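Structure first, commentary second.
The values are calculated or read from the model by the stated rules, or taken from the named source; none is laboratory data. Note that the structure is predicted; figures quoted are calculated from it, not measured. Ideal geometry is used to build each Cβ from the backbone, glycine not excepted, and the neighbour counts take in all protein chains shown. The protein model used for the area step is the full one, side chains on, heavy atoms only, and it has no ligands, DNA or RNA in it. Shrake-Rupley method; radii C 1.70, N 1.55, O 1.52, S 1.80 Å.
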Amino acid sequence: MGSTVSSTVSRMLGARRKLIRATASNFYYSFLLLPRAQRRAIKDVYAFCRLLDDVVDEDQTGRNPYAELEYWRGEVDAIYQGNPTSEFGEQLLPCIEEFDLPRQPFLDLIDGMEMDLKWHSYQTFADLREYCYRAASTVGLICIEIFGYESARTREYAVNLGLALQLANILRDLKEDAARGRIYIPVEDLERFGYSERDLRENLYNAPFIELMRYEHARASSYFDKAARSLPDQDRSSMFAAEIMAAIYKELLDQIPAVQFDVLRNRLAVSKSRRLRIALRIWLKSKLKK
């Protein structure tokens with residue numbers, strides 16, 4: 001366990017640097033216009049998410065990722081008892097206290113990361129949905145506490161938006177994930193359209209793939225629609241950062257039909273200038289509604 005803790009500590013110390021390198025991401029444009037205290041808290045939460053993601057995505061040689069995730073489960077408990085044992089835990093504690101962040105989403109997020117170690121494919125959409133909830137909706141449930149909200153229905157919005165964002169990510173990263181041995185398209189969907197996991201690993205672009213992607217695209221789009229419908233009017237202005245994220249990822253998702261659903265040979269992205277325009281437009285709209 002000593003080597004595990006040592007590697008964990010080194011990862012904690014690098015979390016801020018990783019966050020700085022990630023500022024070109026969609027998260028940066030979504031949270032850029034938040035008030036300082038909220039922005040600082042979001043960065044700390046995002047750094048924690050990146051840290052966990054690295055546990056399961058980095059080269060596992062000589063490491064025990066299960067032990068590292070278990071370490072972080074214990075550290076979350078220690079933080080909520082007011083006694084963090086790590087530098088990163090000490091950094092995270094103030095924002096948890098300031099915004100009264102719930103403990104369970106942090107633990108569910110760790111469970112989601114563990115699913116990436118245990119599962120390399122998902123039999124049904126219900127299985128995949130559970131993964132998406134743990135990997136993304138949990139983060140939304142944390143973030144809305146930082147943004148502030150009045151209606152309990154906004155939690156439903158956070159769950160739906162998390163599912164939408166994760167499904168969009170899955171479709172964009174289909175080729176890269178398959179190359180790493182992870183297939184997030186449910187097996188039941190592959191079988192329905194006559195497209196195999198082997199076809200995906202070999203990057204086969206054909207008529208069954210197009211129909212499969214059309215189906216998956218429609219499902220992802222439906223969750224963006226569900227999120228939009230479940231956001232109460234009284235909380236719309238306080239959720240502007242989440243709405244920026246939604247708009248950027250929806251635009252990314254809508255690029256998929258434009259390339260005839262060929263995500264195998266097209267790396268889709270929203271330009272920096274476009275992301276900035278989206279962020280400014282939604283932020284200004286939120287200000288006008290106040």
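Between the alpha-carbon centers of the stretch 165-190 and the stretch 191-223, tell me the distance in whole angstrom.
Between the Cα centre of the stretch 165-190 and that of the stretch 191-223, the gap is 10 Å.
Excluding Phe125 itself, what net charge comes from residues whose Cβ is under 9 Å from its Cβ, given Lys and Arg +1 and Asp and Glu -1? List each step's numbers first, then the result.
Values: positive: Arg129, Arg219; negative: Asp127, Glu188, Asp189.
Once all neighbours under 9 Å are counted, the net charge is -1.
Please work out whether the stretch 92-229 counts as rounded, prolate or oblate from its C-alpha gyration tensor, where a ≥ b ≥ c are the square roots of the eigenvalues and a/c under 1.5 means rounded, while otherwise a/b larger than b/c means prolate and anything else oblate?
On the way: a/c = 2.99, a/b = 1.87, b/c = 1.60.
In terms of gyration-tensor shape, prolate.
I'd like the FRET efficiency for Trp119 and Leu288, computed as 1/(1 + (r/R0)^6) with the beta carbon distance as r and R0 of 51 Å, rounded to 0.05. Provide the component values of the computation, followed by the final result.
Working: r = 45 Å, r/R0 = 0.88.
My answer for the efficiency is 0.70.
For the pair Arg229 and Asp57, how long in nm is the line joining their label points, each one 7 Å along Cα→Cβ?
3.2 nm
What size of dipole, in debye to the nearest 20, comes out for the chain about its Cα centre when the only charges are +1 on Lys and Arg C-beta atoms and -1 on Asp and Glu C-beta atoms? If you can, show how the numbers build up before the last one.
Details: 42 positive and 42 negative charges, 320 e Å.
So the magnitude is around 1540 debye.
May I ask you to give the percent of accessible area on the chain that is carbon plus sulfur, with a probe radius of 1.4 Å? Intermediate results must be reported in sequence, preceding the final value.
Details: 6680 of 13210 Å².
About 51 percent, which is the carbon plus sulfur part of the accessible surface.
Kindly identify the chain as rounded, prolate or oblate by the Cα gyration tensor criterion: order the square roots of the eigenvalues as a ≥ b ≥ c, call it rounded if a/c is under 1.5, otherwise compare a/b with b/c, prolate if a/b is larger, else oblate. Kindly include the intermediate steps, with their values, before the conclusion.
On the way: a/c = 1.79, a/b = 1.15, b/c = 1.56.
The shape class here is oblate.
Under the Kirkwood approximation for Rh and a Cα-based Rg, what ratio Rg/Rh is obtained for the stretch 74-137? Intermediate results must be reported in sequence, preceding the final value.
Working: Rg = 14.2 Å, Rh = 13.0 Å.
Using Cα coordinates only, the ratio equals 1.09.
How large is the accessible surface per residue of the chain, computed with a 1.4 Å probe and reported in Å² as a whole number? Display every interim value, and only then the final one.
On the way: 13210 Å² over 290 residues.
Per-residue value: 46 Å².
Determine the gain in length on full extension of the stretch Arg36-Arg274; use 0.36 nm per residue of separation and subtract their C-alpha separation, reporting nm with one decimal. All intermediate terms of the calculation are to be shown ahead of the outcome.
On the way: separation 238, 0.36 × 238 = 85.68 nm, distance 2.36 nm.
Roughly 83.3 nm would be gained on extension.
Tell me the label-point distance for the pair Ala179, Tyr66, using the 7 Å Cα-to-Cβ offset, in nm and rounded to one decimal.
2.9 nm
Note down the nm distance, to one decimal, between modelled labels 7 Å out along Cα→Cβ at Glu87 and at Ser222.
4.7 nm
Name the shape class, rounded, prolate or oblate, that the alpha-carbon gyration tensor gives for the stretch 176-256, where a ≥ b ≥ c are the square roots of its eigenvalues, rounded holds for a/c under 1.5, and otherwise prolate holds if a/b is larger than b/c and oblate otherwise.
Values: a/c = 2.97, a/b = 2.41, b/c = 1.23.
Because a/c hits 1.5 or more and a/b exceeds b/c, the stretch 176-256 counts as prolate.
Using alpha-carbon positions, what is the distance between the centroids of the stretch 59-107 and the stretch 254-281, in Å?
Cα centroid to Cα centroid, the span is 34 Å.
Give me the net charge for the shell around Phe193: Cβ to Cβ below 11 angstrom, other residues only, Lys and Arg +1, Asp and Glu -1. If you can, show how the numbers build up before the last one.
Numbers: positive: Arg192, Arg214; negative: Glu188, Asp189, Glu191, Asp199, Glu211, Glu216.
Here the charged neighbours net out to -4.
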